[in-house]
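*Asks:* After the C-alpha cells below, expect a handful of questions from me.
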Amino acid sequence: MPVTIDRTTSSRRAPPQPARLSLTPAPGGLDGTWWPRSRALTRELPPLTAALGDLWGRITRITVNPAYWPVIPRRVSVAGRTVRVGWSTEEQDPHRLTFFSTDGRRDVLVIPPETGADAAAQLMAGDGIDAPAREEAADRIDARIREEAWETDGGAGRPSSLPRPLGSTGRLPAGQWR
C-alpha cells in the first residue's frame, strides 16, 4: 500500500507567541514572573530569552531546575545565536529560572503553565504577594496537578509528590514474591 507524506504542514511553523511576562521586582530577589504556555523549554525559552535580552542585555546562559521540565535542551537559538541552558537540583529553586546576561544575573519566578488565567494574573501582578508566597502558590499548583494526573491514571503509579523510600529501587531481593 503506497503511503503519501504531506510535508506542507510540517514545514510551516506558527510564529512563536510572545512571552507572558511581568517584570515587577519582588522581595526575595525576583526580577519578574513568567507564565509559560507549556513545559516544552525548547519552544518556550526562545521568545522569553529574546524579550528579556532586549531589556537586560544579551542573555548568555540560563539555569533551570529539572523538577518540572521533562526535557531540558542544552542550547536554544535566539535571534541567530546560541544560548546555553544548564540545570542544577541543588542551587536552583524549582520555580525559578536564572538568566545570566552581560548586565549580571536575574531570577524569574515560573508560574506553572497549567495555572488558570485568573490565578496566573494575580501572581504576575503581585497584588501584595511576596516572593516566598508566590513560590509557595506555584508549589501548591504543581502538587495539585501531579495529584490530579495520578488520580486520572487510576492511581496506577506512585504520584511524583510522594517520596520514594531511600535506597528503594522498586525491585524485590532475589527469591521474594509479591
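The values are calculated or read from the model by the stated rules, or taken from the named source; none is laboratory data. Values in this document were obtained by computation on a predicted structure and should not be read as measured data. We place every Cβ from the backbone using ideal geometry, glycine too, and count neighbours over all the protein chains shown.
*Asks:* Is at least one residue of the stretch 74-94 of a type in the set (A, V, I, L, M), modelled with pLDDT of 85 or more and not in a strand (DSSP E or B)? Break it down stepwise before answering.
*Replies:* Restricting attention to the stretch 74-94, the residues satisfying the condition of being of a type in the set (A, V, I, L, M) are 76, 78-79, 83, 85.
Right, trim to modelled with pLDDT of 85 or more and you get 76, 78-79, 83, 85.
With not in a strand (DSSP E or B) added as a condition, the list becomes 79.
Yes, the stretch 74-94 contains a residue that is of a type in the set (A, V, I, L, M), modelled with pLDDT of 85 or more and not in a strand (DSSP E or B).
*Asks:* Let me ask another. Suppose we filter Pro46, Pro94 for residues that are within 17 Å of the chain's Cα centre (by Cα) and over 21 Å from Asp139 (Cβ atoms); which single one remains?
*Replies:* Just one listed residue meets the conditions, Pro46.
*Asks:* Let me ask you something else. Restrict the check to the stretch 42-57 and report whether at least one residue is in contact with a strand residue (DSSP E or B) (Cβ under 9 Å, 6 or more places away or on another chain), assigned to a loop (DSSP other than H, G, I, E, B) and modelled with pLDDT of 95 or more.
*Replies:* no
*Asks:* Look through the stretch 91-106, keep the residues that are under 13 Å from Val64 (Cβ atoms) and not polar (S, T, N, Q), and return whichever of them is surrounded by the fewest Cβ atoms within 10 Å (Cβ to Cβ). Working first, answer last.
*Replies:* Applying the first criterion (under 13 Å from Val64 (Cβ atoms)) to the stretch 91-106 yields 91-100.
Now narrow it down to the ones that are not polar (S, T, N, Q): 91, 93-97, 99-100.
Numbers: Glu91: 9, Asp93: 20, Pro94: 16, His95: 23, Arg96: 21, Leu97: 26, Phe99: 24, Phe100: 18.
Looking at the filtered set, the residue picked out is Glu91.
*Asks:* Given the conditions (1) in contact with a Lys or Arg (Cβ under 9 Å, 6 or more places away or on another chain); (2) within 19 Å of Arg37 (Cα to Cα), and given that Thr82 satisfies all but one, which numbered condition is not satisfied?
*Replies:* (2)
*Asks:* Which residue is nearest to Thr24 (Cα to Cα), if the candidates are limited to the stretch 79-127 and must be in contact with a Leu (Cβ under 7 Å, 6 or more places away or on another chain) and among the charged types (D, E, K, R)?
*Replies:* That would be Asp107.
*Asks:* If we keep just the residues of the stretch 40-81 that are touching a residue at least 24 places away in the same chain (Cβ under 8 Å) and on the phi > 0 side of the Ramachandran plot, which is surrounded by the fewest Cβ atoms within 10 Å (Cβ to Cβ)?
*Replies:* Among those residues, the one meeting the criterion is Ala79.
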